[in-house]
1. Of all the helices (runs of 4 or more DSSP H) wholly in segment 79-160, which have at least 2 residues that are touching a Ser or Thr at 6+ places or on another chain (Cβ under 9 Å)?
2. If G141 satisfies all but one of (1) open to solvent by 10 Å² or more (accessible area, probe 1.4 Å); (2) modelled with pLDDT of 95 or more; (3) near the ligand (Cβ under 9 Å from one of its atoms), what's the number of the condition it fails?
3. With the requirement that a residue be aliphatic (A, V, I, L, M) and open to solvent by less than 20 Å² (accessible area, probe 1.4 Å), what does segment 163-199 give you?
4. Out of all the residues in segment 348-393, which are away from the ligand (no atom under 16 Å from the Cβ), in a helix (DSSP H, G or I) and not hydroxyl-bearing (S, T, Y)?
5. Quick test for you: out of G136, G148, G90, pick the one residue that is within 10 Å of the ligand (Cβ to nearest atom) and surrounded by fewer than 19 Cβ atoms within 10 Å (Cβ to Cβ).
6. Consider G362 against the criteria (1) surrounded by fewer than 17 Cβ atoms within 10 Å (Cβ to Cβ); (2) within 25 Å of S217 (Cβ to Cβ): it satisfies all of them except one. Which criterion is unmet?
7. Can you find even one residue in segment 354-366 that is at pLDDT 85 or above and closer than 20 Å to K298 by Cα?
Amino acid sequence: MADLETFRAEARAWLEANCPPSMRQGAVAVTEDDDGSIWGGRKAKWKNPEAKQWLDRMAGKGWTAPTWPKEYGGGGLSNAENRVLQQEMGRIKARTPLMSFGLWMLGPVLLEYANEEQKRKFLPPIVRGEIRWCQGYSEPGAGSDLAGLRTQAVDKGDHWLVNGQKIWTSYADQADWIFCLVRTDNSKKHEGISFLLFDMTTPGVEARPIKLISGQSPFCETFFSDVKVPKEQLVGKLNGGWDIAKRLLQYERQNISSGGFGGGGGGYDLEHAALDYVGKDDGRIADADLRARITTHKMEARAFAMTVRRAEEESKQGKGPSAATSIIKYAAAKTNQDRTELMVELLGTQALGWEGDAYKPGEIAAMRGMLRAKGNSIEGGTSEVNLNVISKRVLGLNDAK
Ligand SMILES: Cc1cc2nc3c(=O)[nH]c(=O)nc-3n(C[C@H](O)[C@H](O)[C@H](O)COP(=O)(O)OP(=O)(O)OC[C@H]3O[C@@H](n4cnc5c(N)ncnc54)[C@H](O)[C@@H]3O)c2cc1C
């Protein structure tokens, strides 16, 4: 315990000295492309040099990936130390130094499944935010039935030749590399899939943005035409990609549940927005019905946050995340959708703005956030599919007849 308090004092002093002032203010989401988050990567446009400085300083300590081993660029912290670090960052409202599919999804499975050479090649640039990754899973006709995927990788001796199409590939147009599920055996379904990594600038890769109802284009159709991928970029066993794919989904579900969901509320919190927009009655939110619903939502959100925390702790103590992440992903989608809908309701006509000066950025973001949150019950596995996973793998129930 004394060690932990020493660590807290050191972390506090370091954060005070190194977290730039503009990185201590909450980011108000306006658009998805410019939501104030730091995603890094080769294409990053640094509007605020302090964001890059903050990323570099945190990455230098390995604190963008606090619990990853030091030999791969991570911070080498224990879970308890990491908790202290997060508390200290929260204390000064430090912004997350790096948002990254590499940190949340790919890195953890590389640590489990990749060979030593792959770990040394791919993990440190993830920690430093140099390479931004996208996820090539879904295809037209292979979403919930992911193992039905048809993108082919053919063995050409010294390389794989990849042909096919992915869809809903988040940020494919912004990403530098893709982790991609490909079919390497047509005779088997699940046992014919492999897990391949490749550079998005490889000839034959094309990403075409798709527009969402929120007005943004956070994802793409991604086409592969005769893409040559070096042999050594296959992770794990040939035709053994399905196990890696499922494991990665557990990390994805765990992460989106603990705050990585798209679809914010415009930077307002419900209670303060209600006091401002609905008005006060003796210091309380004037509308009794709204007051009750906001209170219920806040209680559920608090209980949910505590459950996420418990699941994360269990996951860190044990063998990583389990099928139980489906419970949390399901609940996270519902909680975020409830919150963003409530926000739009209490902003009233001020939530109807789409663009222009008549509305505050937070008001515009509230409506766009609510629309974006509709995707929460689809991305990372739909709510229906997660309920199936819960009934089968968590509750041990039989398939419905
Ligand atoms: C915002 C967002 C970001 C995304 N980002 C990515 C990404 O980066 N990379 C990527 O690869 N994919 C991504 N996806 C795709 C996502 O994983 C798929 O949309 C999802 O898995 C559902 O697949 P589908 O769209 O093909 O729908 P379908 O599988 O066709 O499902 C259609 C409907 O049928 C229901 N259904 C299907 N099967 C069953 C079943 N067995 N039991 C009960 N109901 C069922 C579903 O719940 C759904 O309501 C993203 C999606 C969204 C919305």
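1. 79-91, 116-127
2. (2)
3. Once the filter is applied, which keeps residues that are aliphatic (A, V, I, L, M) and open to solvent by less than 20 Å² (accessible area, probe 1.4 Å), segment 163-199 yields A172, A175, I178, L181, V182, I193, L196, L197.
4. Once the filter is applied, which keeps residues that are away from the ligand (no atom under 16 Å from the Cβ), in a helix (DSSP H, G or I) and not hydroxyl-bearing (S, T, Y), segment 348-393 yields G348, Q350, A351, L352, P361, G362, E363, I364, A365, A366, M367.
5. Of the residues listed, the single one that is within 10 Å of the ligand (Cβ to nearest atom) and surrounded by fewer than 19 Cβ atoms within 10 Å (Cβ to Cβ) is G148.
6. (1)
7. yes
Rundown of residues vs (1) modelled with pLDDT under 80; (2) crowded, with 18+ Cβ neighbours inside 10 Å; (3) not hydrophobic (A, V, I, L, M, F, W, C), yes/no style:
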residue	(1), (2), (3)
D243	no, no, yes
Y251	no, yes, yes
D287	no, no, yes
E313	yes, no, yes
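The values are calculated or read from the model by the stated rules, or taken from the named source; none is laboratory data. In this text the structure is predicted, and so the values were computed from the model without any measurement. Heads up, the Cβs are rebuilt from the backbone with ideal geometry, glycines too, and the neighbour counts pull from every protein chain shown. Ligands, DNA and RNA are stripped out before the accessible areas are found, and what is left, the full protein with its side chains, is counted by its heavy atoms. Shrake-Rupley method; radii C 1.70, N 1.55, O 1.52, S 1.80 Å.
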